[in-house]
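Reading through the structure tokens given below for one structure.
The values are calculated or read from the model by the stated rules, or taken from the named source; none is laboratory data. Because the structure is predicted, anything quoted here is derived from the model rather than measured. Glycine gets a Cβ as well: all are built from the backbone with ideal geometry, and neighbour counts include every protein chain shown.
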Amino acid sequence: MPIGGKALDRLLSRAGLCSREAARAAIAAGRVHVNDRLVVDPDQWADIAHDRVLFDGQALLPRPREVWALHKPIGYVTTTDDEHGRATVCSLLPADRPWLAPIGRLDLDSSGLLLFTNDTHFAALLMDPASKLPKVYEARCKGHLPSDALDRLRNGVWLHEHFTLPAAVEPIDADARTTRLRITLVEGRNRQIRRMLKVVGSRVNTLHRLRIGPLALGDLPVGACRRLDDAEVASLGAAADALRPTDMRSH
């Protein structure tokens, strides 16, 4: 299996040529060659960084890296397809975009900054637990949280398998029924903030992501997206790489 390769049907669909179903039919019909050899098996792996792949005689070329930011609204699931028919975050991206996949996730009831890319290696760098790339959230939670509860959130709470890593937790404001917090995490467990607040006797009413590393959501409207420029992409990559242990950094 080539490093970084994909099954041919996925390779064609991610190149934006057709759906995977249509790609499988095209491959079976003899329209694809790999390294000058006819291939009719859609499950054969190839890597366009190393293999010459022709579709109807035209070469598939590596696409340049693209990274996009979306202001995710509440009510969208972070997936490309949903078996329950729910609205997905990919439906908010431009129809003429290249293939893009979410980097990480925000759950159905959360909003804010969500990133996408067509570069799986870049996505892996940003999601690598070793990088501890900080992510900043604003949470409105139930009730008034006393100082000992805030300290527990800062120092780490037990989530079944082990303690959470230390987190920055700053109270913003509070009323008789709720407290608003700014929380910075350096890890990304499933529904982590919701689970952390539950441990200290509260619950999340709203959760919004403001920042990933050096990149802020800013004034991007709800439901809107934009392609990051080269400087922003470089800044994200450098921040993630710099936070990893020395022996794991890119050279």
Subject >> Among (1) surrounded by 15 or more Cβ atoms within 10 Å (Cβ to Cβ); (2) under 22 Å from Gly112 (Cα atoms); (3) not basic (Lys, Arg), the one test that Glu187 misses >> reply: (1)
Original post:
On the given criteria, is Pro129 surrounded by fewer than 15 Cβ atoms within 10 Å (Cβ to Cβ) and in contact (Cβ under 8 Å) with a residue 40 or more places away in the chain?
Top reply: yes
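So that you can scan it fast, the table gives a plain yes or no per residue for (1) surrounded by 15 or more Cβ atoms within 10 Å (Cβ to Cβ); (2) within 30 Å of Asn205 (Cα to Cα); (3) over 13 Å from the mean Cα position of the chain (by Cα); (4) not assigned by TED's automatic domain parsing to the domain that holds His208:
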position: Ala46; (1), (2), (3), (4): yes, no, yes, yes
position: Ala49; (1), (2), (3), (4): no, no, yes, yes
position: Thr79; (1), (2), (3), (4): no, yes, no, yes
position: His84; (1), (2), (3), (4): no, yes, yes, yes
position: Pro94; (1), (2), (3), (4): no, no, yes, yes
position: Leu113; (1), (2), (3), (4): yes, yes, no, yes
position: Asp119; (1), (2), (3), (4): yes, no, no, yes
position: Ala124; (1), (2), (3), (4): no, no, no, yes
**OP:** Kindly list, by first and then second residue, each pair from a residue in region 8-19 that is closer than 14 Å to Gln58 by Cα to a residue that is surrounded by fewer than 17 Cβ atoms within 10 Å (Cβ to Cβ) and among the charged types (D, E, K, R), limited to pairs with Cβ atoms under 8 Å and residues at least 6 apart or on different chains.
**Re:** Leu12/Arg20; Ala15/Arg63
Original post:
With (1) within 13 Å of the chain's Cα centre (by Cα); (2) under 30 Å from Ala15 (Cα atoms); (3) modelled with pLDDT of 95 or more as the list, and Leu100 as the residue in question, which single condition is left unmet?
Top reply: (3)
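It is to be established whether one or more residues within region 146-158 are assigned to a strand (DSSP E or B), surrounded by 13 or more Cβ atoms within 10 Å (Cβ to Cβ) and touching a residue at least 12 places away in the same chain (Cβ under 8 Å).
No, region 146-158 contains no residue that is assigned to a strand (DSSP E or B), surrounded by 13 or more Cβ atoms within 10 Å (Cβ to Cβ) and touching a residue at least 12 places away in the same chain (Cβ under 8 Å).
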Original post:
In region 19-55, what count of residues is obtained for those that are more than 16 Å from Gly5 (Cβ to Cβ) and assigned to a loop (DSSP other than H, G, I, E, B)?
Top reply: 6
Original post:
Got a number for residues in region 66-94 being at pLDDT 90 or above and under 30 Å from Arg31 (Cβ atoms)?
Top reply: 6
Original post:
Give me the pairs: first residue in region 35-55 and without any contact (Cβ under 8 Å) to a residue 12 or more places away in the chain, second residue outside any loop (DSSP other than H, G, I, E, B), beta-carbon distance under 8 Å, and six or more apart or on different chains, which are they?
Top reply: Leu38/Val32
